[in-house]
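The values are calculated or read from the model by the stated rules, or taken from the named source; none is laboratory data. Since the structure is predicted, the reported quantities are computational estimates derived from the model, not experimental observations. In this analysis, Cβ positions are derived from the backbone assuming ideal geometry, glycine residues included, and neighbour counts consider all displayed protein chains. These accessible areas exclude ligands, DNA and RNA; they are computed on the full protein's heavy atoms, side chains included. Shrake-Rupley method; radii C 1.70, N 1.55, O 1.52, S 1.80 Å.
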Amino acid sequence: MAHLFFRVALVALIALPSVAQAQFFNPGKLSKYHNELDGDSQCNQCHASGKRISSRACLDCHVQLGQRIAKSAGLHGRKYRGKDCGSCHVEHLGRSTKLIQWPGGNRKRFQHNDAGWKLRGAHADLDCSKCHKKKTKAGSTTYLGLNTTCTSCHEDPHKSRFGSDCTSCHNEQKWSSVKVENFDHSRTRFSLRGKHQDVECKECHGQPAKYQGLKFSACNDCHSDPHKGRFRQSCTSCHTEQAWSDLHRVRANHPGVSIRNGHASVKCAECHDRGSDREPSKGSACVSCHSPVHEAKFGRNCKKCHASIEWLGLPEKTGLDAHGLTVFPLVGEHRSVSCKNCHNPRLPTEKRYRKLSYKHCNNCHDDPHKKAFYRWDKGLCESCHTENGFAPSNFDAGLHKKADFALDGMHVAVPCSNCHESKRPRYSFVLAKQQCMECHENPHGDQFEKEMADGGCAHCHSTQGWHQPKIDHSIWPLTGAHAQTACVLCHSPTKADQKSGKGASYRGVPRDCTGCHEDIHAGQFRLSEPLRECAFCHDTQDFVMKNFDHNKKTRYAITGKHKALKCDACHTENKLRNGEEVIWYRLGYAKCGDCHANPHKAHE
């Protein structure tokens with residue numbers, strides 16, 4: 001009977017779907033760490049068909065652990081490399097199963113050196129959770145990914161000033177136990193030099209030692225001031241770390257008075273008669289020891305010039321700055337002259353400075369003009385030049401009047417080089433040419449031979465401007481609009497002038513109106529009687545007639561209704577045979593019927 005039941009059950013099982021088969025052979029529930037893989041459809045995530053689980057399937061999910069095993073790192077890479085995961089981590093024993101099987105049966109019995117880092121000193125007494133605080137996604141503690149450097153767990157109070165190797169000073173037994181015998185103090189903010197190297201650590205850090213919060217920025221943080229605050233400068237201005245008595249810096253940083261150069265050979269006691277750290281009884285002013293020797297009023301502040309404690313050979317800038325207090329202030333180009341150019345170092349000191357001749361320029365400078373201007377400037381260069389430079393000179397039109405050729409009018413604006421053409425530097429300004437024709441071309445040819453013989457160009461022109469001639473136009477007086485007309489409108493070049501390139505013609509210019517103006521009346525008053533000149537109707541004031549007297553100047557008196565008519569009512573424009581339009585003034589009729597139709601003709 002039992003045998004029959006087994007056969008029936010087996011047949012039924014075979015007939016069941018594959019899921020039912022898996023449920024039938026399910027060995028038990030997974031732990032809570034793998035519960036997301038629970039279920040018959042998830043089996044192949046870890047198991048190959050008909051096979052046990054492989055370590056490779058585990059490491060497909062536990063990637064970080066696989067990487068450590070590949071590097072032979074940690075417990076799994078060192079001690080269990082190549083071992084089947086299932087031999088230690090057993091599954092399908094229910095949700096409460098703990099997958100980690102600690103060697104020795106307890107986490108506290110775990111030999112940490114098997115993981116590659118042996119726990120020593122204070123580390124050996126720590127609970128695992130003090131270091132292993134990381135959690136997996138499932139919420140369990142993970143023991144992977146910790147760094148073995150000190151700063152991965154401990155805060156660096158030195159802020160990386162001493163590097164990352166804490167064990168160079170500290171050990172794992174006790175943090176406060178410091179190995180100071182080989183400590184490199186130069187890595188701190190206070191490097192030990194000179195006598196500081198011989199001082200025991202406890203002299204500064206105390207006992208028990210204190211390494212933070214120490215004052216050391218100033219000498220008097222550790223040392224008392226034997227000078228009782230009499231010196232404002234820092235201790236290092238005079239002393240060094242080599243020895244307290246080493247005072248070689250005093251000469252470079254001596255307070256009050258420099259003891260370089262001239263003072264370098266003076267012994268301290270010669271001035272400091274009340275002790276080396278006290279002011280001399282004479283005082284610290286230069287005049288306390290040295291009597292003034294300058295005639296110029298340089299004042300009593302000798303340091304302004306002699307701060308380097310040198311009597312001669314001072315920087316040129318010092319001399320330039322002080323020269324304004326002498327009787328010869330340096331201005332302009334004199335400021336760029338080297339001192340030795342005037343104060344010749346080959347001369348004795350007395351002659352070099354106090355007995356120089358400097359009242360006149362020629363005391364130092366030669367006259368490049370060879371006294372050409374001596375007759376009117378007596379050799380005083382100041383009449384033309386200033387200390388700002390030899391060129392440009394201040395020889396202006398006012399001074400030019402003293403020369404043989406006074407500048408006026410347009411000549412004032414002419415550059416000097418247009419007349420004085422000699423090469424630069426130009427020292428000679430004598431010119432033989434002084435007549436207009438010697439510099440200017442005659443654009444009139446021989447038109448004005450008579451005038452040229454009587455005063456030359458000045459007969460008509462002046463230096464005020466070429467186009468402002470003094471012309472006596474009384475031969476043909478200019479009135480009205482003619483007086484405002486440009487000369488060239490009447491005096492235009494002839495063909496001969498144009499061919500020769502000369503100026504406008506002034507001889508033979510027509511004087512009647514038609515010689516210049518076009519006859520806009522088409523010959524009405526020139527070709528028919530009575531003949532009339534332009535002046536009969538027009539004048540030079542205005543071409544347009546404003547008050548033409550029709551009764552006196554024509555043969556047709558305007559009376560009655562005709563007075564109200566406009567001119568163009570009778571004088572209309574007519575086109576000539578050549579196409580030109582002209583206003584007709586010679587009408588040729590004077591009877592009523594010439595303009596008006598006869599309204600009575602029907603009754604005649």
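Taking 0.36 nm per residue of separation and subtracting the Cα-Cα distance, full extension of the segment from residue 123 to residue 167 would add 14.5 nm. Share of carbon and sulfur in the accessible area of the range 152-248 stands at 51%, probe radius 1.4 Å. Beyond 20 Å in Cα-Cα separation lie the following of the pairs 79/135; 179/202; 108/133; 159/215: 79/135. In summary, the lysines within cross-link reach of residue 553, defined as a Cα separation below 24 angstrom excluding same-chain residues under 8 places away, comprise 561, 563, 566, 591. The accessible surface of the range 271-388, taken with every protein chain in place and a 1.4 Å probe, is 54 percent carbon and sulfur. Mind checking the range 412-490 for chymotrypsin sites (Phe, Trp or Tyr not before Pro) that DSSP puts in a loop (not H, G, I, E or B) and that have at most 16 other Cβ atoms within 10 Å? Passing sites in the range 412-490 are 427, 429, 466. Accessible surface of residue 211, taken over heavy atoms with a 1.4 Å probe and every protein chain present, rounds to 110 Å². With all protein chains kept in place, the per residue accessible area of the chain amounts to 78 square angstrom at a probe of 1.4 angstrom. For a straight C-alpha distance cut-off of 16 angstrom, the aspartates and glutamates reachable from residue 378 (same-chain residues fewer than eight places away being disregarded) are 366, 367.
Placing one equal scatterer on every Cα of the range 464-604 and applying the Debye formula, the log10 ratio I(q)/I(0) at q = 0.12, 0.18 Å⁻¹ is -0.73, -1.21. Of the GluC sites (Glu not before Pro) found in the range 241-306, those that fall in a DSSP loop while having at most 13 other beta-carbon atoms within 10 Å are 295. In the structure shown, the pairs 371/402; 267/304; 29/134 are assessed against 19 Å; a Cα-Cα span above that value is assigned to 267/304; 29/134. Straight-line cross-link reach from residue 450 at under 19 Å between alpha-carbon atoms covers these lysines, not counting any fewer than eight positions away in the same chain: 470, 502. For the chain, the fraction of alpha-carbon pairs lying more than 46 Å apart is 70 percent, rounded to a whole number.
In the assembled protein chains, residue 56 presents an accessible area of approximately 150 Å² (probe radius 1.4 Å).
For the listed peptides 75-83, 556-564, a ranking on the average number of other beta carbons within 10 Å per residue, highest first, reads 75-83, 556-564.
Note on residue 589 and residue 202: the model spin-label points, each 7 Å out from Cα along the C-beta direction, lie 15.2 nm apart.
In loop segments of the range 345-377 as defined by DSSP, the chymotrypsin sites (Phe, Trp or Tyr not before Pro) with at most 14 further C-beta atoms inside 10 Å of their C-beta are 358.
So what is log10(I(q)/I(0)) for the range 43-98 at q = 0.17, 0.18, 0.23, 0.28 1/Å, when the Debye sum runs over its Cα atoms only? Result of the Debye calculation: -0.61, -0.68, -0.99, -1.17.
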